[in-house]
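Colleague: Sharing a structure here in structure tokens format.
We did not get these values from a lab; they are worked out from the coordinates using the rules stated. On a predicted model such as this, the values are computed, not experimentally measured, just so you know. Don't worry about glycine lacking a Cβ; one is built from the backbone with ideal geometry, like all the others, and counts go over all protein chains shown.
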Amino acid sequence: MTHEADARTLFEVFKEIGIIEQLSRAQLEAQLPEGLIAPHFSVLNHLINRGDGAVPIDMARAFQVPKTSMTHTIKGLVAHGLVELRENPKDGRSKTVWLTEKGRRLREETIASLGPAFARLAGEMDLGQLTEMLPRLVKLREVMDAARDG
């Protein structure tokens with residue numbers, strides 16, 4: 001394969017991933033309560049995956065967004081009672097972000113509400129092929145993460 005063909009293939013892969021992301025975001029946001037959007041849900045997921053007590057600047061780096069954007073997202077979650085801010089015990093100046101029980105419950109309820117859409121999708125897709133694809137997608141993410149951090 002030529003360099004140009006490689007670039008075209010990669011472009012097509014990322015184009016499809018982008019469209020899938022847009023479609024899945026719309027599906028997710030249709031299940032979220034009024035005033036919440038996908039970035040709010042992503043923060044809830046982040047806190048479940050990495051654990052409570054994240055520092056907003058570290059979260060902004062992880063999401064690759066400006067600190068002001070992350071602060072705005074966190075404020076929305078605080079206003080909905082889904083997270084709370086606590087003093088950072090390491091320095092006493094910055095804050096850490098903690099999920100509330102309401103935040104944990106909302107995340108679980110949202111995932112459950114996606115069940116019918118996932119069931120329809122599973123009925124039209126070969127889940128074996130998706131299962132085989134998953135390690136490749138993970139590897140793609142890992143390579144891109146390493147390039148970002150490098």
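Colleague: Relative to the compact globular guide of 2.2 N^0.38 Å, what is the alpha carbon radius of gyration of the stretch 85-150, as a ratio?
Modeller: In units of the globular-protein estimate, the stretch 85-150 measures up at 1.75.
Colleague: Can you give me the Rg/Rh ratio for the stretch 1-57, using Cα atoms for both radii and the Kirkwood formula for Rh?
Modeller: 1.20
Colleague: Would you calculate the separation in nanometres between label points at Ile57 and Gln22, each defined as 7 Å from the Cα along the Cα-to-beta-carbon direction?
Modeller: 3.6
Colleague: Ratio to report: Rg/Rh of the chain, with Cα atoms as the point set and Rh obtained by the Kirkwood method; give two decimals.
Modeller: Across the chain, the Cα-based Rg/Rh ratio is 1.02.
Colleague: Under 21 Å from the Cα of Lys90, which lysines turn up, not counting those fewer than eight places away in the same chain?
Modeller: Cross-link targets: Lys67.
Colleague: Which of Gln31, Gln129, Gln22 moves the most in a Gaussian network model of the chain with Cα springs under 10 Å?
Modeller: In this elastic network of the chain, the residue with the biggest mean-square fluctuation among Gln31, Gln129, Gln22 is Gln129.
Colleague: Evaluate E = 1/(1 + (r/R0)^6) for Thr2 and Gln129, where r is the Cβ-Cβ distance and R0 equals 25 Å; express this FRET efficiency to the nearest 0.05.
Modeller: That pair, Thr2 with Gln129, gives E of 0.35.
Colleague: Could I ask something else about it? Quick one: among Thr131, Thr71, Thr110, which has the greatest mean-square fluctuation in a GNM of the chain with alpha-carbon springs under 10 angstrom?
Modeller: Thr131
Colleague: Using R₀ = 30 Å, calculate the FRET efficiency as 1/(1 + (r/R₀)^6) where r is the Cβ-Cβ separation of Arg50 and Val78; round to 0.05.
Modeller: 0.95
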